[in-house]
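The structure appears right after this line, and notes come after that.
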Amino acid sequence: MTNNSLSFNRLQLLAQFCKASLICLILLLTNACASRHVENFEESFFTFTDPEGIKRFTFILTLKNLNSQDELTLREMMIRQSNGERIHRNREQAAIPENPEDRLVPLKFRMEEIAHEKLTQQLKAIDYCTSGQKYEEEYEKGRYKIKGHCE
C-alpha cells in the first residue's frame, strides 16, 4: 500500500468517527432537553375503628418531586416585567401531567379528582363504608388529604 492510500483510509475512518460522535451528541442533547418528569403520585390509605365503634379512614395523595413550578398553570407561568415584556418561568423543571389538556387545570383540582377516584376504589376494594361516608378535605402544596368516617 502506498502512503496516499493509507492517508485516504485514515481520513475515511476520521470522517466516520466524526459522524458517529456528532450523532451521539445530538441524541444526548435531544434527550436532555426533552427529559421533563411526568407527575408521579404516591398514595397512602388508612382505616381504623375509634373507641366509639365508628369506622374511620384517611387517604393521602402526594405529588413526588414537587418543585415551586408545579403549582402553576400555563397561564400563570407568564408574568409581565415592569416594561411590559412577557417572560416565562422555567417550565422544563415543572412536573407535567400525562394528559396535555390537564396542563391548563391547576394542580389542586387534578389532585382532588385523582384522590376521590382512588379513595372510591380503595373503599370498594375492602368493602368499607358501603352505606356512605362523610369526609373533609385539605390541600397543602402537593398533598391532598381526605379524612372521613362511615355513616
#### Entry: Fewest-first sequence of E151, E98 by Cβ atoms within 10 Å of each Cβ
E98, E151
## Note on the structure
Note: K55 to Y128 extended length (0.36 nm per residue) minus current alpha-carbon separation gives 25.4 nm
### Query
Considering only the other residues whose Cβ falls under 10 Å of the Cβ of C129, what net charge follows from Lys and Arg at +1 and Asp and Glu at -1?
+2
### Task
Run the quick spin-label model on L11 and S44: label points 7 Å from Cα toward the beta carbon, then report their separation in nm to one decimal.
6.8 nm
### Query
Fully extended, how many nm does the chain gain between I114 and A20 (0.36 nm per residue separation, minus their Cα-Cα distance)?
29.3 nm
### Task
Return the lysines within reach of K108: Cα separation strictly under 22 angstrom, same-chain partners fewer than 8 residues apart disregarded; answer none if there are no such residues.
K64, K118, K134, K141, K145, K147
### Message
Taking θ = phi - 60°, what integer Hz values does the Karplus form 6.51 cos²θ - 1.76 cosθ + 1.60 yield along the stretch 55-63, in sequence order, with x for Gly and Pro?
### Response
7, 10, 8, 9, 10, 10, 10, 10, 7
### Student exercise, the stretch 100-151 dipole from Lys, Arg, Asp, Glu Cβ charges, in Debye to nearest 20
180 debye
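The numbers here are math on the coordinates, done by the rules we state, and not lab data. What you see is a predicted model, and the numbers here were worked out from it, not measured in a lab. Positions of Cβ are backbone-derived with ideal geometry, glycine not excepted, and every protein chain shown enters the neighbour counts.
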